[in-house]
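Working notes for the structure below.
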Amino acid sequence: MDKIITSRGIRAGSLFKILFIGHAFSFGLVVVLMGIFSFFGYETVFLQGNPVFGITGLMSGIFSAGIFALLFSFFNWVFIFTGNWLYTRFRTYDIVINEADISENN
């Protein structure tokens, strides 16, 4: 059963959380994969212009994934939140939620 909610905007924290999760599980996984390749000797991770390999490359990839996800989320959040704020000054929008039947989950 679908439920429609009319909204005057989305909270800043909720929007940032959605963006961060999206970036972490898409772009972040690609960067972690590059770190894994670096662990096995491929030139996929660079620090200060030099390729790094082994455990240093793996850790750099993992660390970079978090930093990139955070930075991309922040910059996207600024633009989307500003646009959302401007749009909701004049109009509302509907959010459609697909409710799960509780008996199906058990």
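The values are calculated or read from the model by the stated rules, or taken from the named source; none is laboratory data. Keep in mind it's a predicted model, so treat the numbers as computed, not measured. Heads up, the Cβs are rebuilt from the backbone with ideal geometry, glycines too, and the neighbour counts pull from every protein chain shown.
Per-structure values
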| read-out | value |
| --- | --- |
| Subset tally (residues that are closer than 16 Å to Gly28 by Cβ and either over 23 Å from the mean Cα position of the chain (by Cα) or among the hydroxyl-bearing types (Ser, Thr, Tyr) (or both)) for the range 43-94 | 4 |
| Some residue of the range 68-83 being farther than 16 Å from Ile10 by Cα, in contact with a helix residue (DSSP H, G or I) (Cβ under 7 Å, 6 or more places away or on another chain) and not hydrophobic (A, V, I, L, M, F, W, C) | no |
| Arg8, sole failed condition from (1) within 30 Å of Gly83 (Cβ to Cβ); (2) within 20 Å of the chain's Cα centre (by Cα) | (2) |
| Flag if Gly22 is in contact with a Ser or Thr (Cβ under 7 Å, 6 or more places away or on another chain), part of a helix (DSSP H, G or I), of a type outside the set (Lys, Arg) and surrounded by 15 or more Cβ atoms within 10 Å (Cβ to Cβ) | no |
| Residues of the range 1-21 classified as in contact (Cβ under 8 Å) with a residue 12 or more places away in the chain and among the charged types (D, E, K, R), total | 3 |
| Which listed residue is hydroxyl-bearing (Ser, Thr, Tyr) and at pLDDT below 90, from Ser26, Ser38, Ser73, Ser7 | Ser7 |
| Any chance Phe46 is surrounded by fewer than 18 Cβ atoms within 10 Å (Cβ to Cβ) and among the aromatic types (Phe, Trp, Tyr) | yes |
| Answer from Lys3, Lys17 - the residue that is basic (Lys, Arg) and surrounded by 12 or more Cβ atoms within 10 Å (Cβ to Cβ) | Lys17 |
| Count of the range 79-106 residues which are at pLDDT 90 or above, exposed (fewer than 11 other Cβ atoms within 10 Å of the Cβ) and of a type in the set (Val, Ile, Thr) | 1 |
| Scan of the range 1-44 for residues that are farther than 25 Å from Ser64 by Cβ and not hydrophobic (A, V, I, L, M, F, W, C), ordered by number | Asp2, Lys3, Thr6, Ser7, Arg8, Gly9, Arg11, Ser14 |
